[in-house]
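Since the structure comes first, as structure tokens, the remarks are kept for the end.
Just so you know, all these numbers are worked out from the coordinates, no wet-lab data involved. Quick caveat, the model's predicted, so the values are computed rather than measured. We place every Cβ from the backbone using ideal geometry, glycine too, and count neighbours over all the protein chains shown.
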Ligand code: F6P
């Protein structure tokens, strides 16, 4: 068989582990040929690919990023692929395509599959917000990075008697904020799933200081929103080109807390540091298992499907189900965190 593999969307620790696993299982286990498309779906459209042998994936298990490169594809260009899906597969001699990606990539994968391309998807995202799998690789690494940051920030916060506002990734779902906030013992956790009250955060900080504690850490997801009317700092700034730009929630919240509390506050925006670098052992194992199962699904002819973790098992689920809605943090998990929302 000739199997194509590509990585699309934002990168994520563990992508290389999947590529390596696909190549090993396909070549060693089945005697297949594997080609890797460069820069996601762009490489597929532009016929930019290279043959992947065991040597080309040697030493990449622990490496962050993706050796194939990644990109986000515009809608119009995606139609180019779906309009010619069967023709494209035939021309490239593809028996199967294994796209590795998040919500956007899996939606594109489903469209290609519907258009006649034999596709088996592999989910990835540090955000852990894909509904039909219990976990995505990359999440454990991101939580580890954010937790370490919170641990480190506590000592400097205490030295200077400050409030630290740590902004972590998560536009639509607050899994990273929830778990790193819990693991790091943040004193306030703000998630996109539930609006927070700035007054509650101020009360929490004041109570801590009244108890003799001289610092506080608030962990806020980038997509978290204050309840309407609860935050004064709402306005954006006009940039030199005349556009109104809004500071991220971490920056605005730190300014607001400093102003209201009369205590020094500092924002720390973790950003892409959460996505870079070496994957944890957990993420390497999950990514490797996903790659192995994707190749097995290809050989069973289970197309239009995606690998998923259910409990400790890897199952195949329809791509159509995978992308219907995002997995958000449920109320029960927010209550467990016992924080200020
Ligand atoms: O989907 C993963 C994610 O890391 C989000 O949490 C974040 O908002 C986004 O990607 C950032 O993407 P970009 O790399 O395009 O800035």
Bins of 10 Å, starting at 0 and running to the largest distance - Cα pair percent for the range 1-85: 18, 48, 29, 6
Mean residue ellipticity (222 nm) of the chain, computed from DSSP H runs ≥ 4 via -39,500 (n - 2.57), nearest 500: -11500 deg cm²/dmol
Label-point gap, in nm, between residue 261 and residue 63 - each point 7 angstrom along Cα→Cβ: 4.3
Using a Förster distance of 51 Å, the FRET efficiency for residue 338-residue 74 (Cβ separation, nearest 0.05): 0.75
Exposure proxy order (Cβ contacts within 10 Å, fewest to most) of 155, 147: 155, 147
Gain on full stretching of the segment that runs from residue 87 to residue 152 - 0.36 nm per residue minus C-alpha separation: 18.0 nm
Compactness of the chain as Cα Rg over 2.2 N^0.38 Å, two decimals: 1.10
Cubic angstrom per residue, convex hull over Cα atoms of the range 140-276: 114
Computed lengthening from residue 209 to residue 241, 0.36 nm per intervening residue step minus Cα-Cα distance: 7.2 nm
